[in-house]
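Asks: The following block contains the structure, expressed as structure tokens.
The values are calculated or read from the model by the stated rules, or taken from the named source; none is laboratory data. Owing to the predicted nature of the structure, the values given are computational and were not obtained by experimental measurement. A quick note on method: Cβ atoms are made from the backbone with ideal geometry, for glycine too, and the neighbour counts reach across all protein chains shown.
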């Protein structure tokens, strides 16, 4: 399972318009625009793969996969929360702080300033991750690497 912050990062990518659906899945651009990730989703074989770092190197469902599954209706999408996460420089923050919990704290502070209750946000994140776990998606191989 991915770190909780990846649910928020997926919502931010959706709000920023960085997730472009394709016949195979999606193309997702990083928050700073320097990288593009490919996501494949085989709905018949119920398997998914992505070229993002979390999926490739850490073996969890990266935010591009989560965003795709939200847009396809397999995971719950909280549109108001997504809009509140628009414009966050995720890549910059992740590289600067090097700890997801630090970035999460900054993001939660921003959400609180925008009127969101942290307990409700955390409950939503849990719901998304529980649903992702229930989906029991298989792995798709993209190129030479086996990905989630």
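Asks: Out of the helices (runs of 4 or more DSSP H) lying entirely within the range 47-97, which hold 1 or more residues that are surrounded by fewer than 20 Cβ atoms within 10 Å (Cβ to Cβ) and touching a residue at least 60 places away in the same chain (Cβ under 8 Å)?
Replies: Values: elements: 53-57, 63-71, 79-84, 90-97.
It comes to 53-57, 79-84, 90-97.
Asks: Would you say residue 39 is touching a strand residue (DSSP E or B) at 6+ places or on another chain (Cβ under 8 Å) and either within 19 Å of residue 11 (Cβ to Cβ) or buried (at least 19 other Cβ atoms within 10 Å of the Cβ) (or both)?
Replies: Taking the combined requirement at face value, the residue satisfies it.
Asks: On to the next question. If residue 63 satisfies all but one of (1) at pLDDT 95 or above; (2) more than 14 Å from residue 13 (Cβ to Cβ); (3) in contact with a strand residue (DSSP E or B) (Cβ under 9 Å, 6 or more places away or on another chain), what's the number of the condition it fails?
Replies: (2)
Asks: Please go through the range 1-21 and pick out each residue that is closer than 17 Å to residue 118 by Cβ and assigned to a loop (DSSP other than H, G, I, E, B).
Replies: If the condition is that a residue be closer than 17 Å to residue 118 by Cβ and assigned to a loop (DSSP other than H, G, I, E, B), then 3, 4 are the ones that fit.
Asks: Only residues that are surrounded by 12 or more Cβ atoms within 10 Å (Cβ to Cβ) and closer than 20 Å to residue 2 by Cβ: list them for the range 107-119, please.
Replies: Across the range 107-119, the qualifying residues are 107, 108, 111.
Asks: Can you pull out every residue in the range 102-115 that is in a helix (DSSP H, G or I) and touching a residue at least 12 places away in the same chain (Cβ under 8 Å)?
Replies: Restricting attention to the range 102-115, the residues satisfying the condition of being in a helix (DSSP H, G or I) are 102-113.
Matches in the range 102-115: 103, 104, 106, 107, 108, 110, 111.
Asks: Right, here's the next one. Anything in the range 133-148 that is outside any strand (DSSP E or B) and either surrounded by 12 or more Cβ atoms within 10 Å (Cβ to Cβ) or at pLDDT 90 or above (or both)? List them, or say none.
Replies: Narrowing the range 133-148 to residues outside any strand (DSSP E or B): 133-137, 143-144, 148.
Of everything in the range 133-148, those that are outside any strand (DSSP E or B) and either surrounded by 12 or more Cβ atoms within 10 Å (Cβ to Cβ) or at pLDDT 90 or above (or both) turn out to be 133, 134, 135, 136, 137, 148.
Asks: Restricting the search to the range 1-21, which residues are surrounded by fewer than 16 Cβ atoms within 10 Å (Cβ to Cβ) and modelled with pLDDT of 95 or more?
Replies: If the condition is that a residue be surrounded by fewer than 16 Cβ atoms within 10 Å (Cβ to Cβ) and modelled with pLDDT of 95 or more, then 17, 20, 21 are the ones that fit.
Asks: Then there is this: Looking at the range 19-34, which of its residues are free of Cβ contacts under 8 Å to residues at least 24 places away in the same chain and more than 23 Å from residue 136 (Cβ to Cβ)?
Replies: 20, 22, 23, 27, 29, 33
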